[in-house]
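Visitor: Here you go, one structure.
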Amino acid sequence: MMYFEQISSGGCKSYLIGCKETLQAIVVDPVIDQVDRYLAVAAREGLRLQYLLDTHTHADHFSASHELGERLEIPVIMHRNSPAPFVDTRVDDGETIIVGKLRLAILYTPGHTEDSICVLLADRILTGDTLLVGGTGRSDLPGGDASKLYDSLFNKLLKLPPELLVYPAHDYKGQTHSTLAQEIAANPRLQKKDRAEFIELMNALNLKMPTHITEALRTNRSGGKSINQLIATAAAKTVFISIAQLRELLANPDDQPVIVDVREQQAFEQDHIPGAINIPRGQLELRVNELLPDPTRRILVYCDYGKISTLAAATLRDIGFGRAIALDGGFQSWRETGQPQ
């Protein structure tokens with residue numbers, strides 16, 4: 001028997017699939033902000049994650065495959081055309097992934113990206129961004145090709161049994177799934193059955209680029225970390241202080257902190273917390289020993305909104321300034337609460 005759960009993160013859909021007999025499992029299209037949920041659900045169901053699979057190189061969100069693969073020491077699966085160097089198992093059309101007693105057949109379906117695949121199970125198909133509920137994946141992102149997408153849809157997916165359940169990688173209208181029959185009958189893009197008409201339709205969509213496309217492609221292709229991941233890692237080892245706590249601290253002459261503004265010099269010169277010194281974040285490691293010679297002093301770090309100062313405070317702690325702290329909310333909070341500048 002199969003355990004199957006769709007996990008949503010905004011419009012992103014990922015899937016935890018397990019064999020109830022052997023307790024082996026796979027996560028398809030894992031999203032970085034759902035890592036703890038995958039682990040919790042797997043633990044609740046007694047499942048052991050064996051594989052991670054991305055149906056393509058995502059451009060609109062950050063994949064969790066690399067992070068989870070390293071943490072759990074399990075292989076990451078993608079098509080052989082994936083540019084990601086961290087992929088352990090590269091698959092191609094017609095091959096099969098075995099998860100316990102489940103068989104997951106790989107269909108190569110380029111068009112949305114050059115490395116797009118769909119995953120076929122006994123009664124359903126995970127279509128990635130090749131086929132969506134009421135739509136298709138776009139073909140105007142890097143590696144996209146409307147002609148290839150036409151072939152993937154009309155010459156491959158739509159020739160499968162019409163009763164197959166369709167589970168896509170994205171949906172922004174609250175829909176969970178469909179069937180191939182429903183898509184053939186009602187999907188507006190699939191009504192353009194002539195190749196030239198379909199290509200013309202796709203090329204005329206004029207869609208907005210995803211908000212984080214450059215960063216998402218960089219991290220998903222390389223296995224690097226997004227800015228939010230770096231900040232979250234830094235926050236886990238950083239201590240924060242509120243504006244109210246800072247006011248109390250500044251009123252105590254016995255334990256005055258060194259206040260470090262890590263914004264650029266121009267911003268610092270416009271306004272800053274009284275008594276602060278300016279060390280732009282890009283110069284911190286180079287100037288810290290010169291300007292902060294006592295590693296036992298408490299050091300309060302701030303930036304505009306608290307993100308860069310979180311990274312800076314974590315860096316200071318890493319290099320021996322164990323009392324470095326960050327101002328929660330940054331200089332913006334200081335300004336909004338009417339503090340002197």
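Derivation of every value follows stated rules applied to the coordinates shown; laboratory data play no part. Here the structure is a predicted model, which is why all the values come from computation and not from measurement. Positions of Cβ are generated from backbone atoms using ideal geometry, with glycine treated the same way; all protein chains shown enter the neighbour counts.
Visitor: Region 125-166 to region 252-318: how many Å between their Cα centroids?
Guide: After rounding, the separation between the Cα centres reads 52 Å.
Visitor: Need the full-extension length gain, Asn155 to Met2, defined as separation in residues times 0.36 nm minus the C-alpha distance. One decimal, nm.
Guide: Gain in length upon complete extension: 52.2 nm.
Visitor: Taking 0.36 nm per residue of separation and subtracting the Cα-Cα distance, what length does fully extending Arg218 through Gln182 add?
Guide: Here the answer is 9.4 nm.
Visitor: Using a simple spin-label model with points 7 Å from Cα along the Cα→Cβ vector, what separation in nm is obtained for Glu248 and Asn228?
Guide: 3.3 nm
Visitor: Taking the mean number of other Cβ atoms within 10 Å as a proxy for protection, how do you rank 98-111, 269-282 from highest to lowest?
Guide: 98-111, 269-282
Visitor: Number of Lys-Lys pairs in region 116-273 under 15 Å by Cα, sequence gap 8 or more or different chains? Please list the in-between numbers first.
Guide: On the way: Lys148/Lys156; Lys148/Lys192; Lys148/Lys193; Lys156/Lys193; Lys159/Lys193.
Here the count comes out as 5.
Visitor: Nearest 0.05, what FRET efficiency do Arg335 and Leu205 give at R0 = 45 Å with Cβ-Cβ as r?
Guide: 0.60
Visitor: Checking the cross-link filter: which lysines have an alpha carbon closer than 26 Å to that of Lys20, excluding same-chain neighbours under 8 positions apart?
Guide: Lys101
Visitor: Shifting gears a bit: If I take the Cα coordinates of the chain and project them onto the principal axes, what are the three extents in Å, biggest first?
Guide: Result, largest extent first: 77, 48, 32 Å.
Visitor: OK, next. Sequence gap at least 6, Cα distance under 8 Å: using those rules, report the relative contact order of the chain to the nearest whole percent. Numbers along the way, then the final one.
Guide: Numbers: 681 pairs, mean separation 40.0, N = 341.
That works out to 12 percent.
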